[in-house]
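Participant: Got a structure for you, questions after.
The values are calculated or read from the model by the stated rules, or taken from the named source; none is laboratory data. What you see is a predicted model; the values in this text were computed from it and never measured. Neighbour counts are summed over all protein chains in view; Cβ atoms, including those assigned to glycine, are modelled from backbone coordinates with ideal geometry. Each accessible area value is taken on the protein alone, full model and side chains, heavy atoms only, with ligands, DNA and RNA left out. Shrake-Rupley method; radii C 1.70, N 1.55, O 1.52, S 1.80 Å.
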Amino acid sequence: MKSMVLGKLAAAALAFGLVASANADTVATFFDPALNGSTPLFQLDAVNGVFTGGWDANVQTQQLILEVPITGSVYVDASFTMTPLTVAGSNLSGGVITFTDAGNAVVLTITFDAGSLFGPFGFGASAFAGQNVTFAGPGIPAGLSQEQFAFSFANPVAIQNGFSYTASFTSSAIPEPASLALLGLGGLMFFRRR
C-alpha cells in the first residue's frame, strides 16, 4: 500500500513538473518608445541587403523602458544595439542584440543564428524574429529552452533604398524544470521517511 501511494505521488510530481515546464515565461519586453516614424528603431536597406537596428537613450528624447519579468527588473532609459544583418529575401543572417541600462551596463544579450522578416513591409503588421535564440545577462537563469523573441514594427517611413520602422519588443522562454523536479523529489523523500 505504501509503495502504491509513493508511486502515485511520484507520478503526480512528474506530471506537475511536466505541466509547469511547458509554460513559457516572459524574458523581456518593451513598448514602442517612438512617438512617430521620425525616431525609428530599425532600418531596412533593401538595395544593399542590410538590416540595422538600435536605440540610444543618450540621443533620443523618448524613454525606452525595458521590463525583464524573468528577473523582476525594470530599466528606464535603456538602449540597445544590434549587429548589422544581411538580408536575403525575408531571411536575415544571425547576430547579437545587446540591451544596456542608463549607466551603459549590459542587462540582456540575445544571440541568434538567423532571423526572419514577416509581413508586408510598408503596410500592415510586420515583424522581425530570431531563430536558435539564446538569452544571457545578470539574473537570467541558465537552462532556458524554446527561447524566442520578436520585434513588432510600426510607423513605416520610406527612406533611401528602403524603409525605417519603430517597434515594440517581446521575448519568452521556458525555464529549466530541474528545480521544480527537485522540489517534487524532496516532497517524495519526506513522505517516504514518514
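Participant: Which of the residues that make up region 83-101 are touching a residue at least 24 places away in the same chain (Cβ under 8 Å) and over 26 Å from Pro138 (Cα atoms)?
Facilitator: Listed by number, the residues that qualify are Thr86, Val87, Ala88, Ser90, Asn91, Leu92.
Participant: From the list Gly89, Gly72, Gly119, pick out the single residue that is over 27 Å from Ser38 (Cβ atoms) and at pLDDT below 95.
Facilitator: Numbers: Gly72 fails: at pLDDT below 95; Gly119 fails: over 27 Å from Ser38 (Cβ atoms).
Checking each option against the conditions leaves just Gly89.
Participant: Further question: For residues in region 156-170 being under 17 Å from the mean Cα position of the chain (by Cα) and not polar (S, T, N, Q), which is nearest to Phe42 (Cα to Cα)?
Facilitator: The residue in question is Ala167.
Participant: Next question, about the same structure. From Thr111, Thr61, Thr71, which residue is over 19 Å from Phe153 (Cα atoms), within 14 Å of the chain's Cα centre (by Cα) and not in a strand (DSSP E or B)? Spell out the reasoning first.
Facilitator: Values: Thr111 fails: not in a strand (DSSP E or B); Thr61 fails: within 14 Å of the chain's Cα centre (by Cα).
Among Thr111, Thr61, Thr71, only Thr71 is over 19 Å from Phe153 (Cα atoms), within 14 Å of the chain's Cα centre (by Cα) and not in a strand (DSSP E or B).
Participant: When Gln43 is evaluated against the numbered criteria (1) open to solvent by 50 Å² or more (accessible area, probe 1.4 Å); (2) assigned to a loop (DSSP other than H, G, I, E, B); (3) touching a strand residue (DSSP E or B) at 6+ places or on another chain (Cβ under 6 Å), which criterion, by number, is the only one it fails?
Facilitator: (2)
Participant: Moving on. Could you say whether any residue in region 137-146 is at pLDDT 90 or above, in a strand (DSSP E or B) and β-branched (Val, Ile, Thr)?
Facilitator: From region 137-146, those at pLDDT 90 or above are 137-146; that's our starting set.
Applying the additional criterion that residues be in a strand (DSSP E or B) yields 145-146.
Keeping just the survivors that are β-branched (Val, Ile, Thr) gives none.
No, region 137-146 has no match at all.
Participant: If the Cβ limit is 6 Å and pairs must be 6+ apart or interchain, which residue in region 145-157 that is in contact (Cβ under 8 Å) with a residue 24 or more places away in the chain pairs with which residue that is open to solvent by 50 Å² or more (accessible area, probe 1.4 Å) and of a type in the set (S, T, N, Q)?
Facilitator: Asn155/Asn36
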